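Remarks on the structure that follows.
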Amino acid sequence: MVATSWAFSEREFYLAEFRGRTLGIALAQAPSESTENLASVISELAKNGTRCVVLSPVRALLDEVAGVVVELDAESGWIGEIWRGLRDGMCVGLFISEGSTGNEGPGAFAAQCRAAVLALRLAKLVWVDGRGSLRDAAGQRISLLDLSDLSDLSGEGRSPALDSQIDRALVEEFRCLLEGGIASVNICSQAGLADELFTYAGSGTLLTQNRYLDVRPLGVDDFDAATDLIARGVDEGFLAPRSEAEVEAALGRAFGVFVEGRYLAGIGALIGYETERVAEIVSLYTVTRFAGEGVGGHLVSFALELGRAAGYAQVFACTTSSRVERFFLRQGFESVAQADVPESKWADYPPERRDQARCLVRALD
C-alpha cells in the first residue's frame, strides 16, 4: 500500500471562507514582541481578498500595520471613512483613544470594540491577547465555547478559573457581539494568530453563536478538507497509509461531523464486505479543537446506523493505537483476533502495522 503525500489545504479552506469579507483584529495593547507575525497575516489576508479593520488604542501600532488610520468619533462619519479606506487599501486602522471610551476599566476598550464591530457588521472579531486563550480550572486551553457557555461563565459565582485569565466585562462584550449577529470571535495571542485563523486545531479559543452538531455524508465540496484530515491522521500514526485511489474510494462513502454546519470536526467512512455481510469503519479522525464535543461517538453512531440500514451483521475497526482501541471499547465494541475479520482486509496491508493492529467488532441488531 502506497502512502499518498497530500498537501494540507487547511489554509486554503479558511482563506476561501474569509475571501471577500472584512475581519476585525483588536489589540488592547502593543504586543511585547515584534508585530511581524501580525503584519504577515494581514498581508496574506489582503492577497486573499480579505479586508481587515485593526482596532487599538495604540496609535503607533496602527500606523505600523495599517495603511490608513481612522479615529473613532461618534460625531464624525468614521464608518464612511473606514469604507473609503478599505476601497483604497485592504487594511484600515481604527484608533480608539482613551478619551473616547466614555468610561474606565479593563472592559472600556472592549466595549468600544463591540460597538464598532457591530456598527460595521464585520464577519468576525479576533481579540489578540497575550494570554492566548481562555483556560479551564485545570489550566487547559478551552478551544470552543458558544453563547450558552458564555452566559454561564459570566454569571455570578461561576468559573473562578475564567477570572484569572480574562475579566467578566470582556466576556460580556463577546457575548453581546454574538447576540448582536457577529458569527464568531477568536481569542488568541499574536504569535498564534496564523494558527488560530488558518488551521483546524487553532491556537486559542473560538466563540460561536451556536454549537449544534450535524452528521451527514460528505459532498464533493467537503473532500479537500476531509483529505487533509486523513493525511494528518496518517502522519500522526492513527490511520493506515492509503493510496490515492483508496482515499478517493473512501471519500465516496465518507461522512463527517460539522459544527455550526461549517467546521468539519471529524470524518469517517464505512466500507462493506458483502460476502461476509460485515462493514469496516475506516479513516476515523477527529479534530483536536472539537475533542470535547463527543465527535468520535457521533461518527461511530452514524456508521452503525448506516450498517444497520445496509443489512450488515457486524461492524469492525482496526487500529494500532491504544487510545483509539479504548475509544472503540467505550462505544460497545469487543476485541477480537485478526482472523475474525475478513481476510481481504489484510491484502496489501503494511506488515509493520499488521503486527500491531488490534481488531474490534460490534454486532448489529
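May I ask you to verify whether Thr50 is at pLDDT 95 or above and among the polar types (S, T, N, Q)? Against the criterion (at pLDDT 95 or above and among the polar types (S, T, N, Q)), Thr50 qualifies.
In region 225-238, the residues that are crowded, with 17+ Cβ neighbours inside 10 Å form Cβ pairs under 7 Å with partners that are in a helix (DSSP H, G or I) and among the acidic types (Asp, Glu), at six or more places apart or across chains, as follows: Asp228/Glu10. Considering only region 1-39, how many residues are among the hydroxyl-bearing types (Ser, Thr, Tyr) and modelled with pLDDT of 95 or more? Count: 1. Determine whether Ala60 is within 23 Å of Asp129 (Cα to Cα) and loosely packed, with under 15 Cβ neighbours inside 10 Å. Yes, satisfied.
More than 30 Å from Arg11 (Cα to Cα), touching a helix residue (DSSP H, G or I) at 6+ places or on another chain (Cβ under 9 Å) and modelled with pLDDT under 95, is that true of Asp355? Don't jump to the end; show me each part of the working.
On the way: more than 30 Å from Arg11 (Cα to Cα): yes; touching a helix residue (DSSP H, G or I) at 6+ places or on another chain (Cβ under 9 Å): no; modelled with pLDDT under 95: yes.
Spelling it out, it is not the case that Asp355 is more than 30 Å from Arg11 (Cα to Cα), touching a helix residue (DSSP H, G or I) at 6+ places or on another chain (Cβ under 9 Å) and modelled with pLDDT under 95.
For region 19-40, filtering for residues that are among the small types (Gly, Ala, Ser) and exposed (fewer than 12 other Cβ atoms within 10 Å of the Cβ) leaves 3.
Given the structure, is Val171 of a type in the set (Val, Ile, Thr), assigned by TED's automatic domain parsing to the domain that holds Thr35 and free of Cβ contacts under 8 Å to residues at least 24 places away in the same chain? Judged against the criteria, Val171 is a match.
For (1) touching a strand residue (DSSP E or B) at 6+ places or on another chain (Cβ under 8 Å); (2) at pLDDT below 95, each residue gets a yes or a no:
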position: Thr288; (1), (2): no, yes
position: Ala303; (1), (2): yes, no
position: Gly307; (1), (2): yes, no
position: Phe316; (1), (2): yes, no
position: Thr319; (1), (2): yes, yes
position: Ala347; (1), (2): no, yes
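Among the numbered conditions (1) more than 15 Å from the chain's Cα centre (by Cα); (2) not assigned by TED's automatic domain parsing to the domain that holds Gly294, the only one that Thr227 does not meet is (2). Quick one: which of Gly219, Gly204 is modelled with pLDDT of 85 or more and closer than 26 Å to Thr35 by Cβ? Going through Gly219, Gly204 in turn, the sole match is Gly204. If you go through region 319-335 and keep only what is over 26 Å from the mean Cα position of the chain (by Cα) and among the small types (Gly, Ala, Ser), you end up with Gly332, Ser335. Determine, yes or no, whether Phe255 is in contact with a Pro (Cβ under 7 Å, 6 or more places away or on another chain), under 26 Å from Leu144 (Cβ atoms) and either modelled with pLDDT of 90 or more or assigned by TED's automatic domain parsing to the domain that holds Asp195 (or both). Yes.
Just wondering, is there one or more residues in region 266-275 that are in contact (Cβ under 8 Å) with a residue 12 or more places away in the chain and among the charged types (D, E, K, R)? No, region 266-275 contains no residue that is in contact (Cβ under 8 Å) with a residue 12 or more places away in the chain and among the charged types (D, E, K, R).
A quick yes/no check of all residues on (1) touching a Pro at 6+ places or on another chain (Cβ under 9 Å); (2) more than 24 Å from Ala337 (Cα to Cα); (3) of a type outside the set (A, V, I, L, M, F, W, C):
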| residue | (1), (2), (3) |
| --- | --- |
| Glu274 | no, no, yes |
| Arg277 | no, no, yes |
| Val282 | no, no, no |
| Thr288 | no, yes, yes |
| Val295 | no, yes, no |
| Val300 | no, no, no |
| Ala309 | no, yes, no |
| Tyr312 | no, no, yes |
| Ala317 | no, no, no |
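Where in region 4-88 are the helices (runs of 4 or more DSSP H), entirely inside, with at least 1 residues that are without any contact (Cβ under 8 Å) to a residue 24 or more places away in the chain?
Once the helices (runs of 4 or more DSSP H) in region 4-88 are filtered for at least 1 residues that are without any contact (Cβ under 8 Å) to a residue 24 or more places away in the chain, what remains is 10-18, 36-47, 78-88.
For the residues Ala249, Ala265, Ala245, Ala279, the requirement of being in the same structural domain as Glu352 (by TED's automatic domain parsing) and under 24 Å from the mean Cα position of the chain (by Cα) singles out Ala265.
The values are calculated or read from the model by the stated rules, or taken from the named source; none is laboratory data. These numbers were taken from a predicted model, which means no experiment stands behind them. Cβ atoms come from the backbone with ideal geometry, glycine included; neighbour counts cover every protein chain shown.
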